[in-house]
Structure formats: structure tokens, C-alpha cells
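All remarks here apply to the structure that follows.
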């Protein structure tokens, strides 16, 4: 029974990689093929045609080929959801690691750095998105000047754990779709703006998992031995804590990608953040409202979404539900490093 289950798991993973490679090839065709940079042409003679030899998945209410429309949607998936999931995973790991390792009192910064960070954060909240770079540059220059003048030299403890947990609680209390709709009201949504919004809203699960793992690992004997030997925090985190947390952290990217894909599709279905001539799987579903009898539009888009979500879940390790650290922590490979 176990051997059969193992074979099915291996076969499922091969199928998942094959489907994701097919999506990558479709996105590459949409980006570099003959239709690159041009919207799909409208054909008044082929409105809502059923699947045929010429149009394998039929046409939509505008006469556009559904298969080519799905390929264009795969390109937008790689340009928006994939970068957003990567960014959300990186932000979640960084914030979760900082909160779990330093807590509320472990990190102390000079008052000058705290003032510069608060000024930069306030400026980012009240300014236009186009002025973000100027606020970051101003905060960096102010920090350099204050440090060179040796002003505000006293240090204060930064409550990282409280800040991260409060932010996660606030983001978890409000539905993501409501937050996205509120953010899109502040700025005309472009691809890079949508990527940033998705990353901003999808990092919490990764940060929560990372914080728990780092807190567990910080009490391991080999980490305590490293502290006693005088190892820096950077070396402890990079060589001893994060490598042992990685078996559980690697599950965050497929899960974040599923979340970003769901949000992107929902926004495209509502017509938010999408130009009229841009293709998206959510827009393909929305076009089915123009022709309710065009069942192939719903089936094609839902099939693409379902296969992508299932493929990402099949790539997860079988021990996803076990959030405890594996038995390899009892004899971690990092002990081979010389203190």
C-alpha cells in the first residue's frame, strides 16, 4: 500500500511539473511569439463558436480564440502572480525570522535610525506612489547625516515581535479582497502595483510559520552552543537556523502562489487592474456572462485554474501538515561547522 501511494505521488509530481512547463511554454509563446505585444484580433464572423478543428477551445463573445486567450493569461500569471508570490515569501521569511529571533527586546537600534524609519514609513503612507523613491532616498540621507553628527546616539529596543504580530492580526481581520479594492482606489492599478499589493497581503502565513520555527530552533542546544562560542546573529541564522527551517518553509511558495493566483483571477473577473485588451483567466470567465450558452469558456478557464492549483499542491512535500521540525534537527548537519 505504501509503495502504491509512493508511486502515485511520484506520478502526480511528474504530471504537475509537466503542466507547469506547459504553462511556461504558453507564456513564452505569448511573450515572444507572433502575437507578442498585440491584443488578440476581433473576428465578427466567429462570435461564440463551439470548439472545432480551427479553434480547439472555441471562441469568445468577441470572436477571439480561447486557447490563445488562455496562453496570454498564462503570460500575465508569470508577470504578476509569480513575482508577487516570490516577494511575499521573501518578506514573510525575513519578518518572521526577525520576530522569532530577536523578539521584543533582542534588537536595539540608535534613536537616529528609529526616527529615520518612522519618517520614511509616514511618508510612504501619505505620499503618492510615484514619490516612494524620493522618501526612501530622503530617509537614507537623513540617517547618514544624523549618524555622522553623532546625534541621538542612545539605543532603544525595537518591539519587532509585537509589530509583526499586530500587522498579521490586522491583515487577517480584514478580508483580502476588501483590502485590495481599497488599495486600488488609491492608485490606478498597473501590473507592478498589483504585484506589490498581492505581496503586501500574502506574506502573513509565511511569517507566522517562520516565526514559530525560528522560536523553536533558537532553544536547540547547538544554537545555544553557537551563542556561547560568540557566533554572530547573521551566522547563526544563515548557517544553523534557516537551513533547518527550510524543509517546512519551502511549502510557503506554492501556497502563496495559489493565493495570489486566486486574488488576481478575482480582480480580473471584476474588471479591476486589467486593460480592456489584456487577457486573463478571470477575464475569460467574465466574458462568459456575455454569452451564457458558451459553456466552453467556463470549462476552459476553470480547467486551467483547477489544474494549476492542483499542480501546485502536488508539488508540496507530503509532510505539509506536520509543522513540527523533523527528526533531522536532533543531529543537524550544521554541527559540522567549526565554532
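The values are calculated or read from the model by the stated rules, or taken from the named source; none is laboratory data. Quantities reported herein were computed from a predicted structural model and do not represent experimental measurements. Neighbour counts are summed over all protein chains in view; Cβ atoms, including those assigned to glycine, are modelled from backbone coordinates with ideal geometry.
In the set 56, 40, only one residue is in contact with a strand residue (DSSP E or B) (Cβ under 9 Å, 6 or more places away or on another chain), modelled with pLDDT under 80, in a loop (DSSP other than H, G, I, E, B) and closer than 30 Å to residue 257 by Cβ; that residue is 40. Suppose the filter is under 24 Å from residue 78 (Cα atoms), buried (at least 17 other Cβ atoms within 10 Å of the Cβ) and at pLDDT 85 or above; does residue 201 pass it? So residue 201 fits the description; yes.
Looking across region 278-298, the residues that are touching a residue at least 12 places away in the same chain (Cβ under 8 Å) and either outside the structural domain of residue 63 (by TED's automatic domain parsing) or assigned to a helix (DSSP H, G or I) (or both) come down to 281, 282, 283, 284, 285, 286, 287, 296, 297, 298.
Rundown of residues vs (1) in contact with a strand residue (DSSP E or B) (Cβ under 8 Å, 6 or more places away or on another chain); (2) at pLDDT below 85; (3) buried (at least 20 other Cβ atoms within 10 Å of the Cβ), yes/no style:
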site	(1), (2), (3)
206	no, no, yes
211	no, no, yes
214	no, no, yes
232	no, yes, no
240	no, yes, yes
243	no, no, no
248	no, yes, yes
281	no, no, yes
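In this entry, residue 132 passes the filter for residues that are assigned to a helix (DSSP H, G or I), under 30 Å from residue 279 (Cβ atoms), in contact with a helix residue (DSSP H, G or I) (Cβ under 8 Å, 6 or more places away or on another chain) and at pLDDT below 80. Can you find even one residue in region 264-276 that is without any contact (Cβ under 8 Å) to a residue 40 or more places away in the chain and at positive phi? Yes - at least one qualifying residue is present in region 264-276. Taking the numbered list (1) touching a helix residue (DSSP H, G or I) at 6+ places or on another chain (Cβ under 6 Å); (2) at pLDDT 80 or above in turn, residue 65 passes all entries but (1). Filter region 179-204 down to the residues that are over 25 Å from residue 93 (Cα atoms), outside any loop (DSSP other than H, G, I, E, B) and either without any contact (Cβ under 8 Å) to a residue 60 or more places away in the chain or in contact with a strand residue (DSSP E or B) (Cβ under 6 Å, 6 or more places away or on another chain) (or both) and list them by number. Passing the criteria: only 182.
Only one of the numbered conditions (1) surrounded by 17 or more Cβ atoms within 10 Å (Cβ to Cβ); (2) at pLDDT 70 or above is not met by residue 146, and that is (2).
For region 308-315, indicate whether the set of residues that are at pLDDT 85 or above, out of contact with any helix residue (DSSP H, G or I) (no Cβ under 8 Å at 6 or more places or on another chain), within 23 Å of residue 81 (Cα to Cα) and part of a helix (DSSP H, G or I) is non-empty. No, the conditions are met nowhere in region 308-315.
Would it be correct to say that residue 51 is modelled with pLDDT under 85, touching a helix residue (DSSP H, G or I) at 6+ places or on another chain (Cβ under 6 Å) and not in a helix (DSSP H, G or I)? For residue 51, the condition - modelled with pLDDT under 85, touching a helix residue (DSSP H, G or I) at 6+ places or on another chain (Cβ under 6 Å) and not in a helix (DSSP H, G or I) - is met.
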